[in-house]
1. For residues that are among the aliphatic types (A, V, I, L, M) and either open to solvent by 60 Å² or more (accessible area, probe 1.4 Å) or more than 16 Å from the chain's Cα centre (by Cα) (or both), tally how many sit in the stretch 40-55.
2. If I ask for residues that are in a loop (DSSP other than H, G, I, E, B) and crowded, with 17+ Cβ neighbours inside 10 Å, which ones from the stretch 101-122 would you list?
3. Just checking, how many residues over the stretch 123-137 are assigned to a strand (DSSP E or B) and farther than 17 Å from Arg192 by Cβ?
4. Give me a count of the residues in the stretch 108-136 that are of a type outside the set (Val, Ile, Thr) and in contact with a Lys or Arg (Cβ under 8 Å, 6 or more places away or on another chain).
5. If you go through the stretch 68-85, how many residues are surrounded by 17 or more Cβ atoms within 10 Å (Cβ to Cβ) and either closer than 12 Å to Gly47 by Cα or free of Cβ contacts under 8 Å to residues at least 24 places away in the same chain (or both)?
6. Just a yes or no: is a residue in the stretch 88-100 on the phi > 0 side of the Ramachandran plot and crowded, with 20+ Cβ neighbours inside 10 Å?
7. Being surrounded by fewer than 20 Cβ atoms within 10 Å (Cβ to Cβ) and at pLDDT 95 or above narrows it down to one residue among Phe167, Phe155; which is it?
8. Please go through the stretch 211-220 and give me each residue that is crowded, with 24+ Cβ neighbours inside 10 Å and not aromatic (Phe, Trp, Tyr), ordered by number.
Amino acid sequence: LLGLILAIGALDTHAGTIFYQGIPASQSDASCGISSDNQYTSAVDGGNTKGTDRVINGITLYAMAANGQSSTADNCTLNALSGSLSNAGGSSGSIKADGVCKEVLSDMTFNNGATENSQQEIVLDPESLESGTTYDLRVYICNSAGQNRQVSLSFVGDGQTAVETGFFNEDDARTSAGGFSDANQVYYINYRFTWDGDSTPGITITQKSGSAPFCLYALTNQVVSAGGAAAGAEGGAAGGEGG
């Protein structure tokens, strides 16, 4: 599917944008967007407790295993603002991916003991970024639980109004703004922003139900090349905006 990017503050070309990109069920590694052609400031694999970092197309996704209320890996920190972080894993037939990509998506972190309308936050270390550089912050989504995980993601990083997804069911891709027809579609949400050199980039996740919190499977942050804007627009399955 061809994509559409909708910008917050369309008159300001520096405002952050989000788009959605599906990952095919077969040969997922080759088409997941993770590549040694890109420069990464963060690449993390949530819930990986195996002790060995997974590698996709030459890029190491560093294990982020839950630890209390805060866990850090590769310049990225996950904080539970309610409850404490836990790991879960195990292969799931509903994860429509193969290769290392499926392994990455088959474990996750979440905040156990969360309350209603509670939050998690993902923060990128500003020391790993360069002012004026444009980045693609990607969070990977799949259905591993078959629950009704109603979550809303709010992205920040350029000193301007947050870009929000609005609430969607993390376990049903059809409910996202990606325009997907398959509930089990694996995809990522891409937030493109130009860092202002002052903000702390990241994502605040609000979850309606404490018993069905957001699951972090994987996240990457990569530098956008000079010709990356056009490529991003063509790659997104659909666009979304909020805020």
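1. Within the stretch 40-55, the first condition is being among the aliphatic types (A, V, I, L, M), and the residues that meet it are 43-44, 55.
Then drop every residue that is not either open to solvent by 60 Å² or more (accessible area, probe 1.4 Å) or more than 16 Å from the chain's Cα centre (by Cα) (or both), which leaves 55.
Number satisfying all stated conditions: 1.
2. So the first thing to find is which residues in the stretch 101-122 are in a loop (DSSP other than H, G, I, E, B), and the list is 106, 113-117.
Passing the criteria: Ser106, Ala114.
3. So the first thing to find is which residues in the stretch 123-137 are assigned to a strand (DSSP E or B), and the list is 123-124, 134-137.
Within this subset, residues satisfying the condition of being farther than 17 Å from Arg192 by Cβ are 123.
Going through the stretch 123-137 one residue at a time, the tally reaches 1.
4. Taking the stretch 108-136 as the starting set, the residues that turn out to be of a type outside the set (Val, Ile, Thr) are 108, 110-114, 116-121, 124-132, 135-136.
Subset that is in contact with a Lys or Arg (Cβ under 8 Å, 6 or more places away or on another chain): 116-117, 135-136.
Total satisfying the criteria: 4.
5. Residues of the stretch 68-85 that are surrounded by 17 or more Cβ atoms within 10 Å (Cβ to Cβ), as a first pass: 71, 73-80, 82-83, 85.
Filter once more, so that each one left must be either closer than 12 Å to Gly47 by Cα or free of Cβ contacts under 8 Å to residues at least 24 places away in the same chain (or both): 71, 73, 78, 85.
Of the residues in that region, 4 qualify.
6. Among the residues of the stretch 88-100, not one is on the phi > 0 side of the Ramachandran plot and crowded, with 20+ Cβ neighbours inside 10 Å, which makes the answer no.
7. On the way: Phe155 fails: surrounded by fewer than 20 Cβ atoms within 10 Å (Cβ to Cβ).
Exactly one of Phe167, Phe155 is surrounded by fewer than 20 Cβ atoms within 10 Å (Cβ to Cβ) and at pLDDT 95 or above, namely Phe167.
8. Pro213, Cys215, Leu216, Ala218, Leu219, Thr220
The values are calculated or read from the model by the stated rules, or taken from the named source; none is laboratory data. Predicted, not measured: the structure shown is a model, and the values here were computed from it. All Cβ positions, glycine included, derive from the backbone under ideal geometry; neighbour counts span all protein chains shown. Remember, those area values only see protein heavy atoms, side chains included, never the ligands or the DNA or RNA. Shrake-Rupley method; radii C 1.70, N 1.55, O 1.52, S 1.80 Å.
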